[in-house]
Amino acid sequence: MNAEPGRLSNLHSPVGDRDKRTDNAFGLQRMDHFALETNDIELMERFMREVLGGAPYYYAGFDEEDRRLKRVKHIFIRIGSVLMQCAESVNGKTTLSKDNPNVSPHWAFEVTAENLDRNIERLRGLGVPVAGPIEHRDIDCTSAYFLSPEGHKLELCTWEPYPRPRISGRIDWASLAHDWPNSPEK
């Protein structure tokens, strides 16, 4: 814990402590789903299936009744144990920017160390630029970062020991921009 209330300082947990506790003072259990905005729901649906291995779960807003009810097109796709939702923007505008230098918001999926390497290679083979593997200072996590075609920031991370060489430093998000599936890496 921090020494003084209201004053944050670096905090380091022992290696392997991440999954030891799941209690919550308010009964919150886990992330159920997260929602992303999109201007091209068909492209995002394809990206989630073909690049992230997503399995369709629920799609709405595509039939005449939903159009009559003015429901926006939205989809839920299961990726591992998490539901990822995409909803088409109502006014055709999103807050996405492929050159936004901030690390947040981004969404991370846990993988094994072996699958981190496999996925880095697979993504690059699909023409999706990847930053990584990247080590994090004072924490037992190794990550790879990439973007969706519209600029959603995504991460693959492993909490397993990662013995291979890694880089550290800031992520140049603009260098990860791509036009999957239309063109290879920039």
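Where a number appears in this text, it was derived from the coordinates with a stated rule and is not lab data. Keep in mind the model is a prediction, meaning the values are calculated, not measured. For neighbour counting, all protein chains shown are included, and Cβ atoms are generated from backbone atoms with ideal geometry for every residue, glycine included.
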Problem - Net charge contributed by nearby residues that have their C-beta within less than 12 Å of Ala108 (K/R +1, D/E -1) - result: -1
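From the C-alpha coordinates alone, can you work out the Kirkwood hydrodynamic radius of the stretch 1-87, in Å?
On the way: mean 1/r = 0.0613 Å⁻¹.
Result for the stretch 1-87, one decimal place: 16.3 Å.
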Exercise for the section: Return one number: the angle in degrees, 0 to 90 and rounded to the nearest 10, between the long axis of the Cα atoms of helix 113-125 and the longest principal axis of the Cα atoms of the chain. Expected result: 40 degrees
Practice task
Whole Å is fine, so just give me how far the alpha carbon centre of the stretch 1-71 lies from that of the stretch 99-147.
Solution key: 17 Å
Handout entry: Among Lys98, Lys153, Lys20, residue whose mean-square fluctuation peaks in a GNM of the chain (springs only between Cα atoms under 10 Å)
Key = Lys20
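Tell me, what is the percent relative contact order of the chain, built from C-alpha pairs under 8 Å that lie six or more residues apart?
Result for the chain is 19 percent.
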Problem - Spin-label pair Asp63/Lys93, simplified geometry with 7 Å Cα→Cβ offset, distance in nm - result: 3.4 nm
Exercise for the section: Using the Cα centre as the reference, give the magnitude of the dipole from point charges on the C-beta atoms of the chain (Lys, Arg: +1; Asp, Glu: -1; all else neutral), rounded to the nearest 20 debye. Expected result: 160 debye
Exercise for the section: Please figure out what share of the DSSP beta bridges in the stretch 97-158 is antiparallel and state it in percent, rounded to the nearest 5. Expected result: 65 percent
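Which order results if Phe47, Phe34, Phe76, Phe26 are arranged by neighbouring Cβ count within 10 Å, fewest first?
The fewest-first ordering by Cβ neighbours comes to Phe26, Phe34, Phe76, Phe47.
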Exercise for the section: Using DSSP to define loop residues, name the trypsin sites (Lys or Arg not before Pro) in the stretch 27-89 whose beta-carbon has at most 11 other beta-carbon atoms within 10 Å. Expected result: Arg30, Lys70
Completion exercise
If one compares the long axis through the Cα atoms of helix 41-50 with the longest principal axis of the Cα atoms of the chain, the angle in degrees, nearest 10, works out at 50 degrees
Exercise for the section: Pick out, from Trp107, Ala174, Trp159, the residue whose Cα sits farthest towards the positive end of the charge dipole of the stretch 106-176, with +1 on the Cβ of Lys and Arg and -1 on the Cβ of Asp and Glu. Expected result: Ala174
Practice task
Please work out which option in (i) 1.15; (ii) 3.46; (iii) 1.01 gives Cα Rg over 2.2 N^0.38 Å calculated from these coordinates, and answer with its label.
Solution key: (i)
Fill in the blank from the handout: Listed residues Ala108, Ala144, Ala131; largest mean-square fluctuation, Gaussian network over the chain with Cα springs below 10 Å, found at Ala108
Problem - Cβ charges +1 (Lys, Arg) and -1 (Asp, Glu), total dipole of the stretch 33-88, debye - result: 140 debye
Completion exercise
the stretch 106-176: relative contact order from alpha carbon pairs under 8 Å, six or more residues apart, as a whole percent, is 38 percent
